[in-house]
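**Student:** Quick one: the structure is below, questions incoming.
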Amino acid sequence: MGKISGNKDIDRPLGRDAKPAKARRGGFLSAERVLIALAAIAILGTSTAVSLRDRPFRESLPVVVSEPAEAPAIDTANQSTPQPGPANQPAGAPNASIVRVDPDEADNGDSVIVIRDPSAIGQHPRLAHLPDRALIEESESGPLPVREPGSRRPFDAYARAWSGTRGARIAIIIGGLGLSQTTTQRAIDDLRPEITLAFAPGGNSLSRWMQEARRAGHEVILQVPMEPFGYPNENPGRNTLTVDTDADQNLQRLRWALSRITNYTGVMNYMGARFTADEELMMPVMSEIGARGLMYVDDGTSARSVAQALALQKGVPFAAADALIDPTGDRRAPATGEILKKLDELERIARARGYAVGTGSAFDETIDTVAGWAREVTARGIELVPVSAVAVDPEAR
């Protein structure tokens, strides 16, 4: 390494033998200092003029806060079923909508464009367990979900956010919660928050369980008992919607179920193969669900269900299960291997179609198997999403 040459003062201790600099003589400033001073004065003067100007040089656009617009009427006469995806995803997904404000009042015919983040429609995660009072109607049965005057729906407000990407997605719904205190607690604690939880209206302490589920990040739906074939030997429980009951009484039973909890995005049939096959019986039920801004989920156990066609006709967000992951026709607890086969089937469907929906019951074996599978499925390139993320929403714009 070469020797560094130059001033030896670098080796001298600080403050030792330092010779004071000679003062400059002469009473006039150098030309260089004069130019620097003049430049500083010019810059200062320009800045002062800008700050004191009545209007800025570049006028900013006004800040406009848009309110959710009333959903347009939907012509379904020749309309094909829309496919779920980012264009039809619920509030909370990271897609923004463009709103044009007062286009007719602008002087030059231009309009102000405002980008609105739809996640503003939903609840803050820390408040997800608290009911939104603007979305509640008090009734004799209890609190009922209702649309806000600006057309905001419980489906929008209570939906769990997801990534919004177009990759393969799977939604899993675990139902029958609220009937067993121990099993309900295990489902809330052990299942990933992306798993949707479905509560039975005949359960106990439902408000408390709903709040715990929402605090844990789960999306919640409500199961509605409907008449199956073989009724009453096969009995879904209290206030079942039946084929021999008139429409008004069935609506009263539906409203009783809807009032059992709050903060849910939609309803799912519990049993009901006979009831859901009858268009005349299902029509007023679907109208009520749509008027209240809820989603309808078909559990996929009946090929004769008319729910999908009626949901599209009534503008109701709709999703249907592709597989029951824990079939229990012989009343025995499902085996882990059988559940895993159904979950593998859902993965194949999701890769082929883009999404899949599975339903299951709150058996210990189901909770344990789904919890273990959910920890590994994302490594295989599949996103777990709430059921609202794969629902077809006729009101999506």
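Nothing in this text is a laboratory measurement; each read-out follows from the coordinates by a stated rule. Bear in mind the structure is a predicted one, so any value in this text is a computation, not a measurement. All Cβ positions, glycine included, derive from the backbone under ideal geometry; neighbour counts span all protein chains shown.
**Student:** Would you mind ranking S388, S287 by Cβ crowding within 10 Å, fewest neighbours first? List each step's numbers first, then the result.
**Tutor:** Numbers: S388 30, S287 16.
The order, fewest Cβ neighbours first, is S287, S388.
**Student:** Please state the Cα pair-distance histogram of region 122-390 with 10 angstrom bins from zero: what percent is in each bin?
**Tutor:** Spelled out bin by bin, region 122-390 gives 7, 32, 39, 20, 2, 0 percent.
**Student:** A further question on this structure: Using DSSP, restrict attention to beta bridges with both residues in region 122-390 and report what percent are antiparallel, rounded to the nearest 5. Let's see the in-between values first.
**Tutor:** Working: 3 of 33 bridges.
That works out to approximately 10 percent antiparallel.
**Student:** Beyond 18 Å, what share of the Cα-Cα pairs of region 187-300 is found? Please give it as a whole percent. Mind dumping the intermediate values first?
**Tutor:** Numbers: 3177 of 6441 pairs.
More than 18 Å apart: 49 percent of the Cα pairs in region 187-300.
**Student:** Could you put L127, L346, L206, L197 in order, starting from the residue whose Cβ has the fewest other Cβ atoms within 10 Å?
**Tutor:** Working: L127 12, L346 24, L206 19, L197 29.
Lowest count first: L127, L206, L346, L197.
**Student:** Hand me the trypsin sites (Lys or Arg not before Pro) from region 162-256 located in a DSSP loop with no more than 11 other Cβ atoms within 10 Å, in residue order please. Intermediate results must be reported in sequence, preceding the final value.
**Tutor:** Values: sites: R166, R169, R186, R208, R214, R215, R238, R253, R255; in loops: R166, R238.
Answer by residue number: R166.
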